[in-house]
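Notes follow the structure.
The values are calculated or read from the model by the stated rules, or taken from the named source; none is laboratory data. Given the structure is predicted, the values throughout are model-derived calculations rather than measurements. Every residue, glycine among them, receives a Cβ derived from its backbone with ideal geometry; neighbour counts consider all protein chains shown. To get the accessible areas, we keep the full protein, side chains included, count just its heavy atoms, and leave off ligands, DNA and RNA. Shrake-Rupley method; radii C 1.70, N 1.55, O 1.52, S 1.80 Å.
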Amino acid sequence: MDLTRPWTDLLSALGLLSRLPLPAHEGRGAPAAWAYPLAGAVLGGLAALAGLLALALSLPSQLAALICLGTSVVVTGALHEDGLADVADGVWGGFDRARRLEIMKDSRIGAYGVIALVLSLLARWSALSLLFAAPDAAWAVIAAAALSRAAMPALMAALPHARDTGLSRAVGRCSTPVAALAAFIGAVLALVLLGWIALPALLAAALVTLALARIANAKLGGQTGDILGAAQQLAEIAVLLVLIA
């Protein structure tokens, strides 16, 4: 048994999902997807720390939320936000599967993408503003980041690739056990960090992921890297909204 594999898989997940300066290594692709929630917890922890530092400097919760959100965008290179915008443009801007995939591959952003990004950032900032006005905000940020990354392996296992090229195709399609392990890790992290309030958050993330899976299958015939990024964004928003409800 290779005892270094969990660490290697975590580095692989962080290397794929972030812009952190990590040592070069050979990743395992889809088999490492079980570590996505752990990578999310690391990234969420960095964002939460930035928000807490803002509060320590006596900045209001609204600015702490903005700094937390900005840190999240920077450390991920806006990877998931880009996916959400591309999905909004493609799924609602195209009239058939080929055209939708073509639009999603285009580096330019359209009206649907801009609207999706604005609404996403506004929803997350509003939720974080309320969370940072209360104690234990950091745990909520970390839990949301971890749970939302657990949605990605689920889609990777459940749906075929919608195209023959792209980041998702390069990473590969993960197995059901890998996706199940990712979901288990995300759920455990959320329960440890949040307690029983994590249960409705888990349900919200699962329902949003299921809805996106049905849309992706109907409109695209499968998943792409953009779909996975959109899943992370929507699941995170769903979790944050449940936590402030």
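Tabulated results
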item	result
Label point distance in nm, Leu203-Val118, each placed 7 Å from Cα along Cα→Cβ	3.4
Contour excess over end-to-end distance, with Cα ends at Asp106 and Arg5 and 0.36 nm allotted per residue	32.8 nm
Long-range amide H partners of Gln223 with built H, under 5 Å	His161, Ala162
Heavy atoms of Asp106: accessible area, 1.4 Å probe, square angstrom to 10	50
Solvent-accessible area, 1.4 Å probe, carbon plus sulfur percent, for region 1-115	66
J(HN,Hα) series, region 166-177, from Karplus relation 6.51 cos²θ - 1.76 cosθ + 1.60, nearest Hz, glycine and proline x	x, 5, 4, 5, 5, 6, x, 9, 7, 7, 4, x
Accessible area expressed per residue, the chain, with surrounding protein chains retained (probe 1.4 Å, Å²)	47
Accessible surface of region 159-221 [probe 1.4 Å, protein heavy atoms]: carbon and sulfur percent	72
In sequence order, calculated HN-Hα J values of region 86-103 (Karplus, 6.51, -1.76, 1.60; Hz; x Gly/Pro)	5, 5, 4, 5, x, 5, 9, x, x, 9, 8, 4, 4, 5, 4, 5, 5, 5
Residue-level accessible surface for Thr165, protein heavy atoms, 1.4 Å, Å²	80
Shape category assigned to region 1-119 from the gyration tensor of Cα positions, a/c cut at 1.5	oblate
Charge dipole of region 120-245 about the Cα centre (unit charges at C-beta), most positive-ward option of Ala143, Ala187, Gly225	Gly225
Kirkwood estimate for the chain, i.e. one over the average of 1/r between Cα atoms, Å	17.9
Percent RCO, i.e. relative contact order, over the chain, from Cα pairs under 8 Å lying at least 6 residues apart	27
Distance between region 124-154 and region 45-83 - C-alpha centres, whole angstrom	11
For the chain, calculated [θ]222 nm from helices alone, where every DSSP H run of n ≥ 4 adds -39500 (n - 2.57)	-25000 deg cm²/dmol
Candidates Gly45, Gly195, Gly77: whichever shows maximal mean-square fluctuation once the chain is modelled as a Gaussian network with Cα springs under 10 Å	Gly195
Distribution of pairwise C-alpha distances over region 118-235, 5 Å bins, in %	2, 12, 20, 23, 18, 13, 8, 4, 1, 0
Which of Trp125, Trp196 is most accessible, then next, and so on - probe 1.4 Å	Trp196, Trp125
Rounded to whole Hz, the Karplus (6.51, -1.76, 1.60) HN-Hα couplings of region 66-78, x for glycine and proline	5, 5, 4, 5, x, 5, 4, 5, 5, 6, 9, x, 6
